[in-house]
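None of the figures in this text is laboratory data; all of them are computed from the coordinates on show. Since we're looking at a predicted model, the values are computed, not measured. Here the Cβ positions follow ideal geometry from the backbone for every residue, glycine too, while neighbour counts run over all protein chains shown.
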Amino acid sequence: MKRFLTHIVLFLILFGISSYLILSQADGHTDAFYTKFTTKKQNALIIGSSRAAQGIQPKVINNLISNLSIYNYAFSRVHTPYGKPYLSSIQKKLDSNTSNGIFLVEVNPWSICKQKGEVLDLTYFKEQDSFLGEVENPNSNPNLTYLLNYYNGRYVEILTKKGKNHHGETLFVHNDGWFEVKLEDSPERTISRIKSTVKSYKNIRNEYEGKSNIRMDFLMKTIQFLQEHGSVYLVRLPINEEMLTIENGLLPRFDSEIMDISRMLNAPYINLMPSRNNYKYTDGHHLNYESGQEVSKIIAELIKKEKL
C-alpha cells in the first residue's frame, strides 16, 4: 500500500511539473489576449476594443516619440466596453509611479452602449465574469489563472500552435501588446469577409438599445484616472462606409458626445473617421497591417504636434 501511494505521489508530482512546463510555453500564438496578462506593469497604454488591439502599433509610435514605450492593452468589443472591470484592470496594469505617460483611449459607439436586457448598474457589469474581471494579476508570467480558466484551446496546442496557421495567416500578440493579424487573402476573399462582417454587425446592432450613461460615466472616470499619470488622447479609428452607417444608426450623435467629453476633460480627440476611405480593412472595421502602420504614424505625429 505504501509503495502504491508513493507511486501515486510521484505520478502527481511529475504530472504537475509537466503541466507547468507546457503552460510556461504559452506565448503570443496562444490566443488574442494571453500575452497581455504576462507582461510587466506599464507607464504608457493603448486601451480600447479589438480595433485598437489590431490597428494601433506601439512600435511605430515608440519609434516616432522619444523616450516612449507605449503598450497595447486593448482587447475586444465584448470584453472591454468601458466599465468598472476594465478600469480596474487598467489600474492594475499601470505602474502607479507613472507621472508623464501617454495614453490612447480608443472610442467607438459599441464601447459606451448597452445591450438589450443587459443588467447594468454601478455594482455589476457582465464583463466582470470574463477574464477581464477574474484575472487579478495581469502582470504574471506564466499567468496560470488565465490559462486554467479562460484558455479555450487544448493545452497541447500551446506547444504546436506556432508560426502561421494552416491558412497561411499570422495571428500573433507581440510583447508590446499589439495583436498582429496578417491575412494571405485574394481580393475576392477580402470582399467576402467584409460582406460577412457587415451582415453580422447588422444583427449585432439589433442586440443593442443605445447609449449607456453608466458606461459613459466610466469612460470619463477612465480618462480622469489616466490623466493623474500623464496625457490622454481620445482616438476614433476609421472603419468602412457600411460599418459607419451601422454605427450612426446605433449612436447618431457619437462624435458630438465625445467632443463634449474632450472639451470637458481637456483630452484631445483624434478623429480619423473623415479619412476612412484612405485605408484598407481586413473585414470592414479592422485596419490591415499596412493601414495600421499608417494610422499609428499619424497618431504619433499628432501627439508630437500637441506636445510642442
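Remarks
- Stretchable slack from Glu169 to Leu302, in nm (0.36 nm times residue separation minus alpha-carbon distance): 44.7 nm
- Charge tally in the Cβ shell below 9 Å around Lys41, where Lys, Arg are +1 and Asp, Glu are -1, Lys41 excluded: +2
- Only helices reaching 30 angstrom along their own axis (Cα) with mean Kyte-Doolittle hydropathy no lower than -1.0 count here, and for the DSSP H runs of the chain these are 2-23.
- Positive dipole terminus of the chain, leading residue within Val156, Thr190, Pro252 (C-beta point charges): Val156
- What the phi angles of region 152-162 give under the Karplus curve with 6.51, -1.76 and 1.60, with θ = phi - 60°, is a coupling list of 8, x, 7, 4, 5, 5, 4, 8, 9, 8, 10 Hz, glycine and proline written as x.
- Taking the Cα centre of region 154-262 as origin and assigning +1 to Lys and Arg Cβ atoms and -1 to Asp and Glu Cβ atoms, the resulting dipole is close to 420 debye.
- Annotation for Ser200 and Thr245: the two label points, set 7 Å from Cα along the Cα-Cβ direction, are 2.0 nm apart.
- Inter-label distance for Ile191 and Lys59, nm, one decimal - labels placed 7 Å from Cα along Cα-to-Cβ: 3.2
- Relative contact order for region 27-307: 29 percent, from Cα pairs under 8 Å spaced at least 6 residues apart, divided by residue count.
- Every helix of 4 or more DSSP H residues in the chain counts as -39500 (n - 2.57), and over all residues that averages to -13000 deg cm²/dmol at 222 nm.
- Each peptide in 136-145, 194-203, 107-116 gets a packing score, the mean of other Cβ atoms within 10 Å over its residues, and the list from highest to lowest is 107-116, 136-145, 194-203.
- When only the Cβ of Lys, Arg, Asp and Glu is charged (+1, +1, -1, -1), the dipole of region 91-198 relative to its Cα centre reaches about 300 debye.
- Paramagnetic reach from Ser88 in region 222-238 [backbone N under 18 Å; point 7 Å along Cα→Cβ]: 222-223, 225-226
- Derived from the Cα gyration tensor, the three semi-axes of the equivalent ellipsoid of region 27-307 are 25, 24, 21 Å, largest first.
- In a simple Cβ point-charge model (Lys, Arg +1; Asp, Glu -1; nothing else charged), the chain has a dipole of about 400 debye relative to its Cα centre.
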